[in-house]
Amino acid sequence: MTEQPIEQAEGEVEVADFDAFFAEQAERERQGVPLRLYGRTYVLPPSLPALFTLQLHRVQHSARPDDIRRLLGSLFGPDAVDHWTEAGMDDRRLGIVLLWSTANVAEPGAVSMERAAQLYDEREAAKGKAAARRAQGKPRPKGKGKPRSSGKRS
């Protein structure tokens, strides 16, 4: 199916032309940041693809391999995840690569590999502490806290 141009009849509202708008707004074409991983060189896109953003919301709580593969395929290509898992990538390394990549797509050079590892480890430690606090779950003493209302308005 091809889109037919819409001709504007006299008195009709003008069509919002995003093609022209984006062409006017276009900056010099940026190059994506390259990275090497398990013997392959990947080039990140110069900005996060819409597919990545849409998939990220969808797979946020999913552990299905196909969901993860589709998400990462929009950044690294369709077979990258299979290549990485065959090479023995673990969840920590995957997390570090994702942190580094998403930060450096937006602003090349924004996060070093060392900083990405540190951020990943800090986030994982915070998750562990939060889980430990939930597991301990101290019950609140009864009769303390906010005083009960009689229900009457003053």
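The values are calculated or read from the model by the stated rules, or taken from the named source; none is laboratory data. Because the structure is predicted, anything quoted here is derived from the model rather than measured. Quick reminder, even Gly has a Cβ in these numbers, built from the backbone with ideal geometry, and neighbours come from all protein chains shown. Keep in mind that these areas ignore ligands, DNA and RNA; they rest on the heavy atoms of the full protein, side chains included. Shrake-Rupley method; radii C 1.70, N 1.55, O 1.52, S 1.80 Å.
Residue under question is G32, and the condition is that it be in a helix (DSSP H, G or I) and either aromatic (F, W, Y) or out of contact with any His (no Cβ under 7 Å at 6 or more places or on another chain) (or both); does it hold?
Considered against the rule, which asks whether it is in a helix (DSSP H, G or I) and either aromatic (F, W, Y) or out of contact with any His (no Cβ under 7 Å at 6 or more places or on another chain) (or both), G32 comes out as no.
Residues checked against (1) at pLDDT 95 or above; (2) of a type outside the set (D, E):
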| position | (1), (2) |
| --- | --- |
| A50 | no, yes |
| S62 | no, yes |
| P65 | no, yes |
| L72 | no, yes |
| G88 | yes, yes |
| D91 | no, no |
| L94 | no, yes |
| A117 | yes, yes |
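Suppose we filter the range 13-30 for residues that are at pLDDT below 80, open to solvent by 100 Å² or more (accessible area, probe 1.4 Å) and of a type outside the set (K, R); how many remain?
3
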